[in-house]
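Structure record follows, encoded as structure tokens.
Where a number appears in this text, it was derived from the coordinates with a stated rule and is not lab data. Keep in mind that what you see is a predicted model, and the values were worked out from it rather than measured. As a convention, Cβ positions derive from the backbone with ideal geometry for all residues, glycine included, and neighbour counts pool all protein chains shown.
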Amino acid sequence: MVFFSFDKIKTKLKKSLLKWLLLFTLVLIWGTSFLLIKRGLEVYPNHVVGSLRIFIAFVVTLPFALFHARRLPSDKWKYIAIVGIFGTGIPALLFAKAQTVISSSVAGILNSLTPLFTLVTGILFFKQKALLMRVLGVITGLAGAVGLVYVTSNQSFEFHLTYALFIIVATVFYAFQSNVVKAYLNEVNPVAITTLGFSIIGIPAGIYLFFFSDFLNMLTKENRGYEGLGYVAILSVFGSVIALILYNRLVQMTNAVFATSLTYLIPMVALLWGLIDGENLPLASIAFIMLIFAGVIMVNKNDYLKKISKKTSKTFGS
């Protein structure tokens with residue numbers, strides 16, 4: 001017989017609250033990242049912004065990487081390399097390149113494709129089941145994100161296919177990386193995953209930055225050289241290092257599709273910044289915000305249903 005336990009309920013409640021706290025913290029950080037990328041691109045070319053973002057993260061995390069390197073099982077290094085190269089390095093360069101032409105609004109919409117690709121890659125390569133509620137949640141959240149950006153952008157998007165493809169490819173890499181973390185690195189410390197990932201891509205980024213780009217010359221001769229460096233440094237520490245540690249933990253706690261569903265909520269941060277800046281909130285945007293929340297909840301619904309089913313079978317089967 002299974003007895004009622006306040007301690008178990010308390011533990012599960014704490015875990016649930018932590019999950020949502022991580023989600024909304026990441027939304028706030030990554031929602032602001034688009035603005036920081038934009039500010040960095042006002043001073044430096046895209047290849048410098050992308051490389052600088054990676055290199056600063058590498059320098060900041062190097063002591064932690066050295067600590068965890070000795071403790072990581074040898075069979076996990078190949079997955080760390082996948083996470084570092086495809087989940088962090090290449091997307092950082094692709095987003096910087098794309099935002100030289102397309103707007104933050106379009107970037108936000110395209111970034112919302114991540115949960116869809118996470119679901120697809122999970123089914124195709126990681127033997128995940130196509131749960132109906134999760135599929136419907138992905139579609140609902142995507143519709144809400146597109147609608148929210150549409151009604152808050154004067155119903156007009158300037159779409160450039162080539163540059164849009166850069167972000168689409170980045171979201172596919174994000175999706176694959178999230179599934180790798182869940183499938184093969186679920187028991188690895190999220191700090192180790194993040195810092196060791198940067199240790200793999202940080203040195204090549206530094207070599208390019210200091211020997212094959214004009215970064216140092218621009219830093220000292222551009223009027224806003226150090227200002228631009230400051231924007232990218234903030235982006236790197238918060239948008240890359242801290243956010244990725246939190247994100248990897250969120251993937252481990254939940255599932256890859258739920259974790260990537262935070263991209264639906266990111267346009268809401270842009271909306272929040274607009275309200276702070278005195279912009280009006282279109283009435284229709286409220287409906288799309290509710291649609292986004294509905295999609296995120298639906299994506300997570302299957303996990304709750306599974307837990308309830310297991311509890312019921314244990315209770316009546318004991």
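Computed from Cα positions, the angle between helix 243-253 and the longest principal axis of the chain comes to roughly 20 degrees.
Compared with the dominant Cα axis of the chain, that is its longest principal axis, helix 262-276 is turned about 60°.
With a Cα-only, solvent-free Debye model of segment 114-229, what are the log10 I(q)/I(0) values at q = 0.13 Å⁻¹? Log10 of I(q)/I(0), two decimals: -0.86. The angle between the Cα long axis of helix 6-41 and the longest principal axis of the Cα atoms of the chain comes to about 20 degrees, rounded to the nearest 10. Estimated purely from DSSP H runs of n ≥ 4, each contributing -39500 (n - 2.57), the mean residue ellipticity at 222 nm for the chain is -26000 deg cm²/dmol once divided by its residues. Rounded to the nearest 20 debye, the dipole size of the chain about its Cα centre is 1680 debye, using +1 on the Cβ of Lys and Arg and -1 on the Cβ of Asp and Glu. The HN-Hα couplings worked out from phi for segment 70-78 by the Karplus form 6.51 cos²θ - 1.76 cosθ + 1.60 (θ = phi - 60°) are 6, 9, 7, x, 4, 6, 8, 5, 5 Hz, whole numbers, x standing for Gly and Pro. Sorting the Cα pairs of the chain by distance into bins of 20 Å, from 0 upward, gives 31, 56, 12, 1 percent per bin. For the listed residue pairs 76/182; 14/129; 12/127; 76/127; 19/182; 38/76, the alpha carbons are over 24 angstrom apart in 14/129; 12/127; 38/76. Among 151, 120, 251, the largest mean-square fluctuation in a Gaussian network model of the chain (Cα springs under 10 Å) belongs to 151.
Shown in residue order for segment 285-298 are the 3J(HN,Hα) couplings computed by the Karplus curve 6.51 cos²θ - 1.76 cosθ + 1.60 at θ = phi - 60°: 5, 4, 5, 6, 4, 5, 5, 4, 4, 4, x, 5, 5, 5 Hz (x for Gly and Pro).
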